[in-house]
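The numbers here are math on the coordinates, done by the rules we state, and not lab data. If you're wondering where the values come from, they're calculated on a predicted model, not measured in any experiment. Here the Cβ positions follow ideal geometry from the backbone for every residue, glycine too, while neighbour counts run over all protein chains shown.
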């Protein structure tokens with residue numbers, strides 16, 4: 001007993017991908033709603049994302065999602081730099097203390 005493979009029109013795929021990329025629905029949610037396997041829809045979405053990235057100019061304005069990610073990364077970078085500066089101060093202090101103890105031992 002063999003299974004039949006379903007086929008989808010390009011228009012159907014484009015509408016499904018649009019629900020994810022343009023309307024903000026998740027792949028899992030959309031796949032359940034249209035009765036398509038998550039992996040199948042995920043492949044369609046990846047293919048369209050790659051195609052959109054290829055068409056986009058390097059100097060094009062950021063999308064809302066990219067802007068949010070950029071802001072999150074900038075904030076994370078600022079926190080990491082502050083932590084790094086604090087750790088460098090601790091290392092510098094530890095070196096001074098070690099030098100002072102070494103001089104006292106002589």
Helix 10-21 sits off the longest principal axis of the Cα atoms of the chain, rounded to the nearest 10 on a 0 to 90 degree scale, by 30 degrees
With Cα atoms, 0 to 90° folded angle of helix 38-55 axis to the chain main axis:
70 degrees
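Tell me, what is the FRET efficiency for residue 77 and residue 28 to the nearest 0.05, using R0 = 25 angstrom and their Cβ-Cβ distance as r?
Details: r = 31 Å, r/R0 = 1.24.
Efficiency at R0 = 25 Å is approximately 0.20.
Note the full-extension length gain between residue 67 and residue 10 as 0.36 nm times their separation in residues minus their Cα-Cα distance, in nm to one decimal.
Details: separation 57, 0.36 × 57 = 20.52 nm, distance 3.02 nm.
Between residue 67 and residue 10, full extension yields 17.5 nm more.
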Relative contact order of the chain: what whole-number percent is it, with Cα pairs under 8 angstrom and at least 6 residues apart?
15 percent
Distant alpha-carbon pairs in the stretch 1-60 (separation over 14 angstrom), percent
59 percent
Alpha carbons only, please: Rg and Dmax for the stretch 62-106, in angstrom.
19.4, 64
So how far, in whole Å, is the C-alpha centre of the stretch 1-20 from the one of the stretch 35-106?
37 Å
For the Cα atoms of the chain, what angle does the longest principal axis make with the long axis of helix 64-105, in degrees from 0 to 90, nearest 10?
20 degrees
Counting pairwise Cα distances across the stretch 28-90, what percent come out greater than 20 angstrom?
58 percent
In cubic angstrom per residue, the convex hull of the chain built on its Cα atoms measures 225 Å³
